[in-house]
Amino acid sequence: MLLSFSADCHLKATNGLTALDLAERENHGEVSELIKEHMGSASADAKNGQMLLDKYLAGVKSELIDVVLLERLLKNICREQEDGAILVFLPGWEEISRVRDRLLQSQFFSNAPTFNILPLHSMIPSDEQKVFQRSLAGCRKIILSTNIAETAVTIDDVVYVIDCGRMKEKSYNPYKDVSTLES
């Protein structure tokens with residue numbers, strides 16, 4: 001039953017024994033075989049997952065945020081997971097606006113009483129920020145933010161975090177005497 005809930009069969013007890021070690025020591029042959037079979041399929045799943053990820057990354061421009069993938073991931077969390085706010089880290093205002101527009105155009109996310117899609121960015125005055133207010137029951141809050149939410153603020157009802165793996169940093173070009181934000 002624990003394996004069906006994705007229990008990690010590689011974990012060790014305080015005495016250093018795994019579930020497989022204990023099953024073999026207690027002569028539970030059927031349980032031992034079940035654990036071995038699960039370990040083999042988990043290893044194959046990990047290899048397949050890595051292969052799919054490598055294939056995806058080879059075909060996508062690394063500087064762009066895949067808004068379609070992000071929308072699907074958000075839908076999956078909203079359908080399959082417990083209630084709780086979702087925090088999405090994006091590189092900048094342009095990406096926040098693009099993702100927000102995409103979600104609001106989606107039939108799934110455009111239902112205002114069910115979803116509250118909020119931007120968090122340094123350009124938005126603090127008195128206009130609604131991300132710190134808890135959502136009503138039955139309404140999932142989705143926060144689209146830059147990395148400002150990593151260190152500058154605490155949003156206590158966030159349960160899920162999606163990090164797009166991109167951020168903007170200040171860069172200085174001494175030859176042109178110009179500061180820029182680069183992804």
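Pick from region 138-154 the residues that are in a loop (DSSP other than H, G, I, E, B) and at pLDDT below 80: which of them is surrounded by the fewest Cβ atoms within 10 Å (Cβ to Cβ)?
If we filter region 138-154 for residues that are in a loop (DSSP other than H, G, I, E, B), which is where we start, we get 138-139, 146-147, 152-154.
Within this subset, residues satisfying the condition of being at pLDDT below 80 are 147, 152-154.
Working: Asn147: 16, Ala152: 10, Val153: 13, Thr154: 8.
Looking at residues that are in a loop (DSSP other than H, G, I, E, B) and at pLDDT below 80, I get Thr154.
With respect to the conditions (1) charged (D, E, K, R); (2) outside the structural domain of Ser145 (by TED's automatic domain parsing); (3) buried (at least 19 other Cβ atoms within 10 Å of the Cβ), Lys55 falls short on a single one, namely (3).
Among the candidates Glu71, Glu82, Glu63, single out the residue that is outside any helix (DSSP H, G or I) and more than 24 Å from Glu182 (Cβ to Cβ).
The unique qualifying residue is Glu82.
Scanning region 95-118 for residues that are surrounded by 14 or more Cβ atoms within 10 Å (Cβ to Cβ), of a type outside the set (Phe, Trp, Tyr) and assigned to a loop (DSSP other than H, G, I, E, B) yields a total of 1. May I ask you to verify whether Arg140 is touching a residue at least 60 places away in the same chain (Cβ under 8 Å), among the charged types (D, E, K, R), assigned by TED's automatic domain parsing to the domain that holds Val88 and in contact with a helix residue (DSSP H, G or I) (Cβ under 7 Å, 6 or more places away or on another chain)? When the stated conditions are applied, Arg140 passes them. With the condition kept exactly as written, say whether any residue in region 36-48 is part of a helix (DSSP H, G or I) and either assigned by TED's automatic domain parsing to the domain that holds Pro119 or at pLDDT 80 or above (or both). Yes: one or more hits.
The values are calculated or read from the model by the stated rules, or taken from the named source; none is laboratory data. All values reported here derive from a predicted model rather than from experimental measurement. Positions of Cβ are backbone-derived with ideal geometry, glycine not excepted, and every protein chain shown enters the neighbour counts.
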